[in-house]
Each structure stands twice: as C-alpha cells, then as structure tokens.
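Below is one structure, written out as structure tokens; the observations come after it.
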Amino acid sequence: MAKSQQKKTKKSPKPSHPHLRILVTNDDGIYAAGLKVALRIARSLSDDLWVVAPDSEQSGASHSLSLALPLRVRKHSPRRFSVQGTPTDCVLMAATQLIPDRRPDLVISGVNRGGNLADDITYSGTVAAAMEGAVLGIPSIALSQVGDVAAGRISWVTATRHGSDVVRRLLDAGWPDDVLININFPTRPKGEIEGVEITRQGKRDQSNAVIDARVDARATPYYWIGFKRVAMDPPQGSDLRAVYSGNISVTPLHLDLTHDGARRALKKSFDAPQSKK
Ligand code: MN
C-alpha cells in the first residue's frame with residue numbers, strides 16, 4: 001500500500017454506525033470550537049453528517065423559537081448550514097427543511113463551552129436543541145465540557161478523548177422516546193477520568209445571577225448578566241457531584257415537567273368536599 005493511502009486509512013477509521021444520519025448543532029454558533037469536537041465524535045460513528053447551527057452565540061436561549069422574525073439560512077457547504085435563529089430553530093429547520101429525504105436518526109448538540117448542570121439545564125440552548133430533537137421523535141444527546149468560562153479557560157480534552165465512547169455506549173444501551181441525554185465532561189488536565197456516572201439533575205449549591213451595572217462611553221448605564229458560582233457539597237448521585245469527582249455525568253431528562261407528588265397532593269385537596277362558608 002502506498003504511503004499516502006496508509007495515512008488516509010489511519011486518519012479515517014471505519015465509522016461504527018455507517019447508516020446513522022446525524023445532525024450536529026451547537027448553541028455557541030456555527031464557528032464554535034466545541035462544534036468541531038462534536039463533529040469528531042459524530043465522524044467516528046457515521047459519515048452521514050449534517051451541521052445546522054445558529055449564526056451567532058445563543059447560550060441561554062433555552063427552548064425558544066423565533067416567531068416574530070424570519071429565519072435566514074446560509075448554506076456553507078452541501079451539508080453545513082447556519083440559521084439566523086435559536087438552537088431550537090436550527091433543529092426544526094434541519095429536520096423539516098434543510099436535510100432532504102429523511103430526518104436525522106440522532107441529534108448531537110454541543111459540545112457546549114461550559115457545563116450544563118443542575119439549574120443550568122432550564123436556561124441551556126444546548127440542552128434545548130436536544131429537547132427539540134426529542135420533541136420530533138429523534139434520539140438526542142446534549143454534550144457539555146465543564147470549565148471556567150468566565151476566565152476563558154476551557155479545555156476540550158475530556159470531551160475529545162471520551163465523547164465517542166460514551167455516545168457509542170449510549171446508542172448500544174438505548175433510551176425511551178421522550179427522553180434526552182445530557183452529558184457533562186469534567187475538567188481534567190489530561191482528560192483522564194474516574195469513570196462514567198449515571199446521574200440525576202442536581203441543584204446548584206449557590207447560583208447567584210450577578211447583574212453587573214456598567215456605564216458606556218456616552219455615560220449611559222447598561223447591564224450585563226453573569227453568574228457567581230461557589231462549589232460546595234452536592235449530594236451523591238447528582239450531576240454536580242459526578243463532575244466534581246472527575247466522572248463524566250450522564251443524565252436522562254424528560255420533557256414532562258409535572259411534579260407528581262405535588263400533583264397528587266393538590267388533587268387530593270381539590271377533590272375533597274369544600275367546607276361551606
Ligand atoms: Mn453555549
């Protein structure tokens with residue numbers, strides 16, 4: 001075999017799920033570094049890859065849809081598009097307009113720049129893109145790399161090293177419809193992890209939205225929302241504890257937000273005969 005051919009073979013090992021049509025999106029935008037990491041993961045599974053991502057950063061967009069604005073689409077290459085909209089818009093556009101013939105079999109959203117743990121989940125554009133996939137009946141996975149976003153310190157090494165393996169194990173195991181998978185990779189200097197832990201959504205120890213009041217060059221005040229985070233002692237089994245302990249956290253989430261205990265208690269109370277006043 002010629003040297004160049006050998007090199008090529010080594011560069012592209014056979015994908016493990018060659019017929020799997022994968023949509024990759026990322027709420028940090030079409031040029032996000034984490035999108036490249038997600039593409040590497042997707043490429044190890046299949047070569048039927050499609051990218052549809054927002055044209056600008058949409059972190060914190062949650063599950064919002066653009067209803068009052070038109071959606072402008074830019075085609076970067078035959079299978080790569082950016083949308084002037086939210087992560088949810090992107091998944092919807094991909095599944096219904098941009099990818100011909102058949103819908104994707106898997107949505108990979110991420111890898112997000114920063115964790116999506118505990119209370120982050122309801123704000124997250126990354127998780128919301130996976131939610132939209134689940135709404136459309138497509139198995140969907142959100143991937144996030146924990147790191148100090150405010151300090152500009154994100155290392156992709158853990159997600160890069162372990163992403164494919166975790167996603168492949170998940171695909172082998174399977175999960176129910178209406179469930180999406182939220183994966184968070186811990187910060188580890190060389191990507192060496194303790195293990196993979198199946199977790200539940202935690203509660204932030206202390207997640208204070210800090211509103212930074214500033215003044216612009218023309219003396220007009222403006223404000224910037226940030227978060228002050230203090231790591232404390234989250235319970236065992238939570239997503240927070242898992243990543244603090246150096247594990248990859250895998251949390252199955254569902255879209256039904258009903259609190260069943262409260263529902264039962266309220267039903268009991270409302271069904272009881274009312275005392276006459
Ligand atoms: Mn983001």
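The values are calculated or read from the model by the stated rules, or taken from the named source; none is laboratory data. On a predicted model such as this, the values are computed, not experimentally measured, just so you know. Please note: Cβ atoms are built from the backbone with ideal geometry, for glycine as well, and neighbour counts cover all protein chains shown. Surface accessibility is based on the protein's heavy atoms, side chains included, excluding ligands, DNA and RNA. Shrake-Rupley method; radii C 1.70, N 1.55, O 1.52, S 1.80 Å.
Residue-by-condition table, conditions (1) buried (at least 21 other Cβ atoms within 10 Å of the Cβ); (2) under 21 Å from Glu57 (Cα atoms):
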{"site": "Ala94", "(1), (2)": "yes, yes"}
{"site": "Gln97", "(1), (2)": "no, no"}
{"site": "Arg102", "(1), (2)": "no, no"}
{"site": "Leu106", "(1), (2)": "yes, no"}
{"site": "Asn112", "(1), (2)": "yes, yes"}
{"site": "Gly115", "(1), (2)": "yes, yes"}
{"site": "Asp119", "(1), (2)": "no, yes"}
{"site": "Ala129", "(1), (2)": "yes, yes"}
{"site": "Leu136", "(1), (2)": "no, no"}
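Given the conditions (1) farther than 28 Å from Asp172 by Cα; (2) modelled with pLDDT of 90 or more; (3) away from the ligand (no atom under 16 Å from the Cβ), and given that Gly85 satisfies all but one, which numbered condition is not satisfied?
Against the list (1) farther than 28 Å from Asp172 by Cα; (2) modelled with pLDDT of 90 or more; (3) away from the ligand (no atom under 16 Å from the Cβ), Gly85 comes up short only on (3).
So for the stretch 135-158 (the condition being in contact with a strand residue (DSSP E or B) (Cβ under 6 Å, 6 or more places away or on another chain), modelled with pLDDT of 95 or more, part of a helix (DSSP H, G or I) and not polar (S, T, N, Q)), does at least one residue qualify?
The answer is no, given that none of the residues of the stretch 135-158 is in contact with a strand residue (DSSP E or B) (Cβ under 6 Å, 6 or more places away or on another chain), modelled with pLDDT of 95 or more, part of a helix (DSSP H, G or I) and not polar (S, T, N, Q).
What are the residues in the stretch 109-134 that are under 8 Å from the mean Cα position of the chain (by Cα) and among the β-branched types (Val, Ile, Thr), if any? Working first, answer last.
Within the stretch 109-134, the subset under 8 Å from the mean Cα position of the chain (by Cα) is 109-112, 116, 124-130.
If the condition is that a residue be under 8 Å from the mean Cα position of the chain (by Cα) and among the β-branched types (Val, Ile, Thr), then Val111, Thr126, Val127 are the ones that fit.
Within the set of pairs 6+ apart or on separate chains, which have a first residue in the stretch 47-59 that is away from the ligand (no atom under 16 Å from the Cβ) and open to solvent by 60 Å² or more (accessible area, probe 1.4 Å), a second that is among the β-branched types (Val, Ile, Thr) and modelled with pLDDT under 95, and C-beta atoms under 7 Å apart?
Short answer, once both residue conditions are applied: none.
Determine the pairs where a residue that is under 30 Å from Val250 (Cα atoms), located within the stretch 216-237, has a partner that is open to solvent by 70 Å² or more (accessible area, probe 1.4 Å) and part of a strand (DSSP E or B) with Cβ atoms under 9 Å apart, the partner being 6 or more residues away or on another chain.
If the second residue must be open to solvent by 70 Å² or more (accessible area, probe 1.4 Å) and part of a strand (DSSP E or B), the pairs left are Ile225/Ile211; Gly226/Ile211; Gly237/Ile198; Gly237/Arg200.
Would you confirm, using the coordinates I've provided, whether Gln236 is farther than 30 Å from Gly137 by Cα and at pLDDT 95 or above?
So Gln236 passes the test.
Go through the stretch 180-277 and tell me which strands (runs of 3 or more DSSP E), entirely inside it, have 1 or more residues that are open to solvent by 100 Å² or more (accessible area, probe 1.4 Å) and acidic (Asp, Glu).
none
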